[in-house]
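The values are calculated or read from the model by the stated rules, or taken from the named source; none is laboratory data. Every value quoted in this text rests on a predicted model; they were computed, and no experiment measured them. Cβ: placed from backbone, ideal geometry, glycine included. Neighbour counts: every protein chain shown. For the accessible areas, the whole protein counts, side chains as well, though only heavy atoms, and no ligand, DNA or RNA atoms are used. Shrake-Rupley method; radii C 1.70, N 1.55, O 1.52, S 1.80 Å.
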Amino acid sequence: MSEQLLEQARAWAAEDPDDATRAELEQVIAAASSGDAAASADLADRFSGTLEFGTAGLRGALGAGPNRMNRVVVIRAAAGLAAYLNANGAGPDDAVVIGYDARHNSDVFARDTAEVMTGAGLRALLLPGQLPTPLLAYAIRELGCVAGVMVTASHNPPQDNGYKVYLGDGSQIVPPADVEIAAQIAAVGALGDVPRGTPGEQLDGTIQTDYLAQVGRVVDDATDHDRADLRLVYTPLHGVGNSSVLRVLEAAGFAAPSVVSEQQDPDPEFSTVAFPNPEEPGAMDLAMALAHEVDADLVVANDPDADRCAAAVSGPHGWRMLRGDEVGALLGDHLLRSGKQGVYAASIVSSSLLGKLAAAAGQEYVETLTGFKWIGRLEGLAFGYEEALGYCVDPAHVKDKDGVSALLLLADIAAEAKASGRTLLDLLDDIAVRHGLHATDQLSARVSDLAEIGAAMERLRATPPTSLGGLAVERCDDLSLGSADLPPTDGLRYLLADGARVIVRPSGTEPKIKCYLEVVVPVETGPDVEAASAREAVDAARISAAGRLDALRNDIKAAAGI
């Protein structure tokens, strides 16, 4: 064990203000000093680098050391952010609003951030408790703040936490702000020299009430369908969405949903799921079992910080999750048919269907890089989404994905359909008849060594496939080179015959490589075809699409060696 590493670790422990992480690190140091190989490897990993601050802020496993999420790292990040704000003209009348979820230490990190902000001569406003991330994004502009900080790791595993930064426009940061903030963080000296001020101002419940009132405006008060007739099941997945969702549903006239009791209260251990992400296998099982039990019409869910919305419906083969692209199409189609004017946008890994819906309605469509830091800041945005269950239905007030407003609007669409004897699946069939069946899927490989991701991307660049799933590769875009429309990002996009598409990229938040697949199958119907025949034609297209997606999945998996 290197004496230099041991000295570095002892110095870290000496300035750590947290009793728990200091004791944790001292125990690892003692074990490593006595020759314990596992402890030595653990210590080396904790000090192998500094948790990198990027456009997603910070995110990592909780623990002591610069390569973990802890109070030392958070205090330095807050001091760097404060220095950046002051260098860009902020003053004593300017405020930073701070929110936090229910994860381990989220409240502690929020309080540390508030004290660093006031110590730097800024005002600090703390949200009143564990609340959804979109409420923080709303509060930034509603309260006229110069920045916002949300302490959350969203749907990451329970051992993680994170630190998400927004600037005064209410959007997540993008380059070059991330690099400039990171430089200020790197310039922070000894932790003891970081000024600490008062705890800041604790906001009362008015901000949540105002946010929920605004969310309620995404649905029309003058409706002719009975929302109370829709039977809903809801789960917040052990997160912070429960009270906000129940309040907004009640205010809009929905009957109280059946809530999954095992998941209704905040639980930082997320004890009923392997991963607290509604996209992960098993995460929605309890909700769908409850839906079967109560004969529900629709299952809706949020991820733990309630910025994403998931849904499940009953079909011919039982309950199934709607894909993010299906929910995006339902929301976008509804807003377009309602006459909402403006830009409709999706990330490059989302389905191409929204672009066709927007074009048919005479509205502009824009593709962005993955992440709401790009979607939310588009001028004139009317609606934006990404396939990973993120939807922005009210960008005038929340320039970020919002699982609460998306959930309310989707429930209203389902209630309106039910009043006409129809379902969300029927609405998706209608869209498929008009524009072809757009079927999407994802191949995701979790790795233990991040080098495996780079190796897979290099294999694809060195030996680009000429066909995938039996479809010719008509164009390959190396997204790392950038273009007139997109800044550079690590990814490869293959445009295939018949409108099919494959995109491969590393995950921005998890140790995964992801492959996004899409095929488009025309639905063969005549102009005067009856509904039953149209449904049969859509079913036939769906079967064809499933086969094509399987072939794509197998070929890209082989090509990438994952």
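Regarding Ala37, is this residue in contact (Cβ under 8 Å) with a residue 60 or more places away in the chain, open to solvent by 60 Å² or more (accessible area, probe 1.4 Å) and over 30 Å from Gln130 (Cα atoms)?
Details: in contact (Cβ under 8 Å) with a residue 60 or more places away in the chain: no; open to solvent by 60 Å² or more (accessible area, probe 1.4 Å): yes; over 30 Å from Gln130 (Cα atoms): yes.
Judged against the criteria, Ala37 is not a match.
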Say whether the condition of being open to solvent by less than 50 Å² (accessible area, probe 1.4 Å), closer than 13 Å to Asp555 by Cβ and either at pLDDT 95 or above or assigned to a strand (DSSP E or B) (or both) is met by at least one residue in the stretch 490-497.
yes
Considering (1) closer than 23 Å to Val165 by Cα; (2) open to solvent by 10 Å² or more (accessible area, probe 1.4 Å); (3) modelled with pLDDT of 95 or more, say which one Gln27 fails and leave the rest.
(1)
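Yes/no per residue for (1) at pLDDT 95 or above; (2) touching a Phe, Trp or Tyr at 6+ places or on another chain (Cβ under 7 Å); (3) assigned to a helix (DSSP H, G or I); (4) not acidic (Asp, Glu):
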residue: Asp220; (1), (2), (3), (4): no, no, no, no
residue: Asp224; (1), (2), (3), (4): no, no, no, no
residue: Ala256; (1), (2), (3), (4): yes, no, no, yes
residue: Glu262; (1), (2), (3), (4): yes, no, yes, no
residue: Pro268; (1), (2), (3), (4): yes, no, no, yes
residue: Val273; (1), (2), (3), (4): yes, no, no, yes
residue: Leu286; (1), (2), (3), (4): yes, no, yes, yes
Residue hits (the stretch 463-482; open to solvent by less than 70 Å² (accessible area, probe 1.4 Å) and farther than 23 Å from Leu549 by Cβ) are Asp478, Ser480, Gly482
Selection count where residues are closer than 24 Å to Ala546 by Cβ, in a helix (DSSP H, G or I) and either open to solvent by less than 40 Å² (accessible area, probe 1.4 Å) or in contact (Cβ under 8 Å) with a residue 24 or more places away in the chain (or both), scope the stretch 427-454:
8
If we keep only residues of the stretch 531-549 that are in contact (Cβ under 8 Å) with a residue 24 or more places away in the chain and within 30 Å of the chain's Cα centre (by Cα), then the residue most open to solvent (accessible area, probe 1.4 Å) is Arg542
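Do we find that Gly205 is touching a residue at least 24 places away in the same chain (Cβ under 8 Å), of a type outside the set (A, V, I, L, M, F, W, C) and more than 30 Å from Ala13 (Cα to Cα) in this structure?
On the way: touching a residue at least 24 places away in the same chain (Cβ under 8 Å): yes; of a type outside the set (A, V, I, L, M, F, W, C): yes; more than 30 Å from Ala13 (Cα to Cα): yes.
Judged against the criteria, Gly205 is a match.
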For the structure I just gave you, tell me whether Val97 is at pLDDT 95 or above, closer than 22 Å to Pro132 by Cα, in a strand (DSSP E or B) and open to solvent by less than 40 Å² (accessible area, probe 1.4 Å).
yes
Matching residues, the stretch 48-58, being in contact (Cβ under 8 Å) with a residue 60 or more places away in the chain, in a loop (DSSP other than H, G, I, E, B) and among the hydrophobic types (A, V, I, L, M, F, W, C):
Phe53, Ala56
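Quick check on my filter: what residues within the stretch 217-234 are in contact with a helix residue (DSSP H, G or I) (Cβ under 7 Å, 6 or more places away or on another chain), open to solvent by 20 Å² or more (accessible area, probe 1.4 Å) and of a type outside the set (A, V, I, L, M, F, W, C)?
Residues of the stretch 217-234 in contact with a helix residue (DSSP H, G or I) (Cβ under 7 Å, 6 or more places away or on another chain): 218-219, 225-227, 229-234.
Narrowing further to those that are open to solvent by 20 Å² or more (accessible area, probe 1.4 Å): 218, 225-226, 229, 231.
Those that are in contact with a helix residue (DSSP H, G or I) (Cβ under 7 Å, 6 or more places away or on another chain), open to solvent by 20 Å² or more (accessible area, probe 1.4 Å) and of a type outside the set (A, V, I, L, M, F, W, C): His225, Asp226, Asp229, Arg231.
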Taking Asn67 as the residue in question, decide whether it is in contact with a Gly (Cβ under 7 Å, 6 or more places away or on another chain), surrounded by fewer than 22 Cβ atoms within 10 Å (Cβ to Cβ) and among the polar types (S, T, N, Q).
yes
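Being open to solvent by 10 Å² or more (accessible area, probe 1.4 Å) and either touching a helix residue (DSSP H, G or I) at 6+ places or on another chain (Cβ under 8 Å) or closer than 14 Å to Tyr391 by Cα (or both) is the filter here, so list the residues in the stretch 324-342 that pass it. Step through it out loud before you land on a result.
Restricting attention to the stretch 324-342, the residues satisfying the condition of being open to solvent by 10 Å² or more (accessible area, probe 1.4 Å) are 325-326, 333-342.
Across the stretch 324-342, the qualifying residues are Asp325, Glu326, Asp333, His334, Leu335, Leu336.
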Would you mention how many residues in the stretch 66-80 are within 13 Å of Ala190 (Cα to Cα) and either charged (D, E, K, R) or modelled with pLDDT under 95 (or both)?
1
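Being within 30 Å of Gly508 (Cβ to Cβ), of a type in the set (A, V, I, L, M, F, W, C) and in a loop (DSSP other than H, G, I, E, B) is the requirement here; does Ala79 meet it? Don't jump to the end; show me each part of the working.
Values: within 30 Å of Gly508 (Cβ to Cβ): yes; of a type in the set (A, V, I, L, M, F, W, C): yes; in a loop (DSSP other than H, G, I, E, B): no.
So Ala79 fails the test.
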With criteria (1) surrounded by fewer than 24 Cβ atoms within 10 Å (Cβ to Cβ); (2) over 23 Å from Val73 (Cβ atoms); (3) out of contact with any Lys or Arg (no Cβ under 7 Å at 6 or more places or on another chain), Ala139 comes up short on (1)
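Right, Glu293: under 21 Å from the mean Cα position of the chain (by Cα), outside any loop (DSSP other than H, G, I, E, B) and not hydroxyl-bearing (Ser, Thr, Tyr) or not? Walk me through it before giving the result.
Numbers: under 21 Å from the mean Cα position of the chain (by Cα): no; outside any loop (DSSP other than H, G, I, E, B): yes; not hydroxyl-bearing (Ser, Thr, Tyr): yes.
No, not satisfied.
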Residue set Arg505, Arg459; condition assigned to a helix (DSSP H, G or I) and of a type in the set (Lys, Arg); output residue Arg459
Would you check which residues across the stretch 353-379 are hydroxyl-bearing (Ser, Thr, Tyr) and surrounded by fewer than 19 Cβ atoms within 10 Å (Cβ to Cβ) and list them?
Tyr365
Counted residues, the stretch 59-73 - those being outside any loop (DSSP other than H, G, I, E, B) and not basic (Lys, Arg):
6
From the option list Ala110, Ala102, Ala124, Ala153, single residue qualifying as touching a residue at least 60 places away in the same chain (Cβ under 8 Å) and outside any loop (DSSP other than H, G, I, E, B) is Ala124
Restricting to the stretch 510-562, name every residue that is aliphatic (A, V, I, L, M), modelled with pLDDT of 85 or more and out of contact with any helix residue (DSSP H, G or I) (no Cβ under 9 Å at 6 or more places or on another chain).
Ala540, Ile543, Ala545, Ala546, Leu549, Ala551, Leu552, Ala558
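Can you report the number of residues in the stretch 12-23 which are out of contact with any Leu (no Cβ under 9 Å at 6 or more places or on another chain), assigned to a helix (DSSP H, G or I) and open to solvent by less than 60 Å² (accessible area, probe 1.4 Å)? Show your work before the answer.
Pass one, the stretch 12-23, residues out of contact with any Leu (no Cβ under 9 Å at 6 or more places or on another chain): 14, 18-20, 22-23.
Now narrow it down to the ones that are assigned to a helix (DSSP H, G or I): 14, 19-20, 22-23.
After this cut, where a residue has to be open to solvent by less than 60 Å² (accessible area, probe 1.4 Å) as well, the list is 23.
Residues in the stretch 12-23 being out of contact with any Leu (no Cβ under 9 Å at 6 or more places or on another chain), assigned to a helix (DSSP H, G or I) and open to solvent by less than 60 Å² (accessible area, probe 1.4 Å): 1 in total.
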Could you pull out the residue among Leu237, Leu246 that is surrounded by 17 or more Cβ atoms within 10 Å (Cβ to Cβ) and free of Cβ contacts under 8 Å to residues at least 24 places away in the same chain?
Leu246
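Tell me, please, whether a residue that is touching a Ser or Thr at 6+ places or on another chain (Cβ under 9 Å), farther than 20 Å from Lys514 by Cα, modelled with pLDDT of 95 or more and hydroxyl-bearing (Ser, Thr, Tyr) can be found in the stretch 339-346. Give the derivation first.
Kept after step one, since they are touching a Ser or Thr at 6+ places or on another chain (Cβ under 9 Å), are these residues of the stretch 339-346: 345-346.
Right, trim to farther than 20 Å from Lys514 by Cα and you get 345.
Now drop any that are not modelled with pLDDT of 95 or more, which leaves 345.
Of the ones still in play, those that are also hydroxyl-bearing (Ser, Thr, Tyr) are none.
No, there is no match, as no residue in the stretch 339-346 is touching a Ser or Thr at 6+ places or on another chain (Cβ under 9 Å), farther than 20 Å from Lys514 by Cα, modelled with pLDDT of 95 or more and hydroxyl-bearing (Ser, Thr, Tyr).
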